[in-house]
């Protein structure tokens, strides 16, 4: 009898407990996150909950695996989708991920970095920063990531299909090591939008994947499922492993573009100012463009302070996260 009564009221108990554990009693409860560096992102979205790390027996627990085990209607979690969203058979955690999806806020991209450093956000910051005297700097970043997505699309579909079917001969690390830029490729792409040598190299890996993709009917079905998850030849950038997306693609491309802008600004000084002014003007430009060394910090603050209010409506992934949250709190 007591067991039945407890079962009937366990949901109410969990809700009261979550509110009790929250430091802010005005909040609806707690949403647990997998890493403290994710807090600002999720708190910006989950405004009516307290966002914090999960603790058990006095110890703080980070990472996704434990959170997937403890989430329920009164103990929500907010996590990176990783490959669990695109590849439901990828690993054991993927099954928990899909079974508990009603209690999860997820990024729908590989991770939060894919949203905070999205091409649209990068485009806007290049329109508003990293230019001093000249206002006619070319801003190619949207075109670059659009072209990269097209180059990556077919081979990445095949790789994800293989990962979903637990094919272990080719790993995701192999993929990242293949698609990361050489220094020359990065310069060619950033400054001249020349993808020719890069395409040739990726095509060789694509051929290798083709030989491993046997069942075409299953593959086409999987591709249709990917499309339903907004994985298209324009959005592949959103599904590149998040820390690699930030460190191996966003940062090197932006740095090349900004260094080019500095050179253009310095070159223009010689023809526009008298000799006694040139030295001061060039020092001013060099000091201004030292910000390039803090590009990740600048992009981070720009996203939260300026771009978020635009992105919550225009970014398909962020809009979907916010829609999920609104559904949860209603």
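Values quoted throughout were computed directly from the atomic coordinates according to the rules given, and no laboratory measurement underlies them. Bear in mind that the values here come from a model prediction, so they are computed numbers and not experimental data. Every residue, glycine among them, receives a Cβ derived from its backbone with ideal geometry; neighbour counts consider all protein chains shown.
Within 10 Å of each residue's Cβ, count the other Cβ atoms and sort 306, 109, 116 from fewest upward.
Details: 306 14, 109 30, 116 24.
Final ranking by Cβ density, sparse to dense: 306, 116, 109.
Evaluate E = 1/(1 + (r/R0)^6) for residue 329 and residue 174, where r is the Cβ-Cβ distance and R0 equals 41 Å; express this FRET efficiency to the nearest 0.05.
On the way: r = 42 Å, r/R0 = 1.02.
Once rounded, the FRET efficiency stands at 0.45.
Would you mind pulling out the separation of the Cα centroids of region 89-150 and region 170-213, in Å?
Here the two parts' Cα centres lie 19 Å apart.
With a point put 7 Å past each Cα toward its Cβ, work out how far residue 282 is from residue 166 in nm, to one decimal.
Modelled inter-label distance: 6.4 nm.
Relative to the longest principal axis of the chain, what angle (0 to 90°, nearest 10) does the C-alpha long axis of helix 316-329 take?
Here the helix axis deviates by roughly 30 degrees.
Nearest 10 degrees is fine. How inclined is helix 2-21 to the longest principal axis of the chain, computing both from alpha carbons?
Long axis of 2-21 versus the principal axis of the chain: about 30 degrees.
Full-extension gain between residue 133 and residue 233, please, as 0.36 nm times their residue separation minus the C-alpha to C-alpha distance. Present the calculation step by step, with values, prior to reporting the outcome.
Details: separation 100, 0.36 × 100 = 36.00 nm, distance 3.68 nm.
Between residue 133 and residue 233, full extension yields an extra 32.3 nm.
Expressed as an acute angle from 0 to 90° and rounded to the nearest 10, what is the orientation of the C-alpha long axis of helix 196-212 relative to the principal long axis of the chain?
It is inclined by approximately 30 degrees.
Pick out which of 148, 53, 220 has the largest mean-square fluctuation in a Gaussian network model of the chain, springs linking Cα atoms closer than 10 Å.
Answer for the Gaussian network model of the chain: 220.
If you stretched the chain out fully between residue 290 and residue 150, how much longer would it get, using 0.36 nm times the residue separation minus the C-alpha to C-alpha distance?
Details: separation 140, 0.36 × 140 = 50.40 nm, distance 3.32 nm.
Length gained between residue 290 and residue 150: 47.1 nm.
Please give the FRET efficiency for residue 215 paired with residue 312, using the beta carbon to beta carbon distance and R0 = 45 Å, rounded to the nearest 0.05.
Details: r = 40 Å, r/R0 = 0.89.
It comes out at approximately 0.65.
Suppose the chain between residue 297 and residue 200 were pulled fully straight at 0.36 nm per residue; how much longer would it get relative to their current alpha carbon spacing?
Details: separation 97, 0.36 × 97 = 34.92 nm, distance 3.40 nm.
That pair, residue 297 and residue 200, stretches by 31.5 nm at full extension.
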